[in-house]
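Okay, so here's the structure we're looking at.
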Amino acid sequence: MITSAVLFVLAVYVVVLVTPGPNLLVVTELAARGDKTSAVFTGIGFGVGATLLAVATVSGLASLVVVAPTVKTAMTIVAASVLVWFGIGALRSAGKAGAASVLDGAGPELAVPPTGGPWRAFARGVVFNLCNPKALAFFIGIYGGPMMQVPLTVLALVLVICLLMEVVWYAGVTWTFSRAPVRRVYARHQKLIGGAAGLCLVALGLGVAALLWRPLAEELGL
C-alpha cells in the first residue's frame, strides 16, 4: 500500500513536471536570454514553492483555502494579481529588448538586463508557484489521499525526492536553452518570444481572476 502510493505520487509528479506550463515558460525564457543564474535559482524557487504547497496539503492548511470562502477569494485575488504582474514585467522587458537582442559579432552572447540577482530570482520562483491555484489543486489531489496514511519519514523522503527532481529538471532545461544555437534563435525573435511569454502569463492571471467572476455571475443571473 505504502509503496504503491509513493510510486504513484512520483510517477504523476514526473509527468506534471515535464509537461509544458508557465513554470517551464519562465525558466526557458530566462535561459534563452543568457541569464543562466536566474533561470537556475528560479527553478530552485519553483521546487521550494512546490514543497511548501505539499507541506501545506499534508498539514491540512491547504484544505482551509478550499473550504473557507474568504480565504479562497483572497488567495485567488493575490494569485491573479501576481501572475498579471509577472506578465506585465515580461512585456516591459520585451519592449526594451531592442538593444539586448543584437548578437555580438564574435558569438551568441546577449546583453542581458539585470534581474535583481539569484536570491530575487529564487524568491520570484517561490512566490510564482505559491500563487498558482492549479499547483495547489494538484498537491491536494496527490497528497490528500493515500499519502496521508504513510509514515512521516517516508513522506519527508518523497518531498525531498520531488524537490530534487524539480531542481535537476530545471537545471537541465536551463542548460539546454542556454546553448548557442537556441540563443541565436532567441536573439532574432526576442521581442516576439518575450511578448508571447508575457501575454501567456497575463492570460493565466486573468483566467485565475475569472474563477471569482463565474460564481458571482451565476448569483447575479448573468
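The values are calculated or read from the model by the stated rules, or taken from the named source; none is laboratory data. Quick caveat, the model's predicted, so the values are computed rather than measured. Here the Cβ positions follow ideal geometry from the backbone for every residue, glycine too, while neighbour counts run over all protein chains shown. Surface accessibility is based on the protein's heavy atoms, side chains included, excluding ligands, DNA and RNA. Shrake-Rupley method; radii C 1.70, N 1.55, O 1.52, S 1.80 Å.
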Worksheet item: Taking Val160, is it without any contact (Cβ under 8 Å) to a residue 24 or more places away in the chain and touching a helix residue (DSSP H, G or I) at 6+ places or on another chain (Cβ under 9 Å)?
Response: yes
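Of the residues Val18, Val58, Val26, which single one is open to solvent by 30 Å² or more (accessible area, probe 1.4 Å), aliphatic (A, V, I, L, M) and farther than 19 Å from Gly172 by Cβ?
Of the residues listed, the single one that is open to solvent by 30 Å² or more (accessible area, probe 1.4 Å), aliphatic (A, V, I, L, M) and farther than 19 Å from Gly172 by Cβ is Val58.
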Fill in: One residue from Ala180, Ala203, Ala171 being over 28 Å from Val12 (Cα atoms), open to solvent by 30 Å² or more (accessible area, probe 1.4 Å), touching a Gly at 6+ places or on another chain (Cβ under 9 Å) and at pLDDT 80 or above
Ala180
Fill in: Any pair with Cβ under 9 angstrom, 6 or more apart, that starts in region 47-58 at a residue that is touching a residue at least 40 places away in the same chain (Cβ under 8 Å) and ends at one that is buried (at least 21 other Cβ atoms within 10 Å of the Cβ) and small (Gly, Ala, Ser)
Gly47/Gly125; Val48/Gly125; Gly49/Gly125; Gly49/Ala135; Ala50/Ala135; Leu53/Ala135
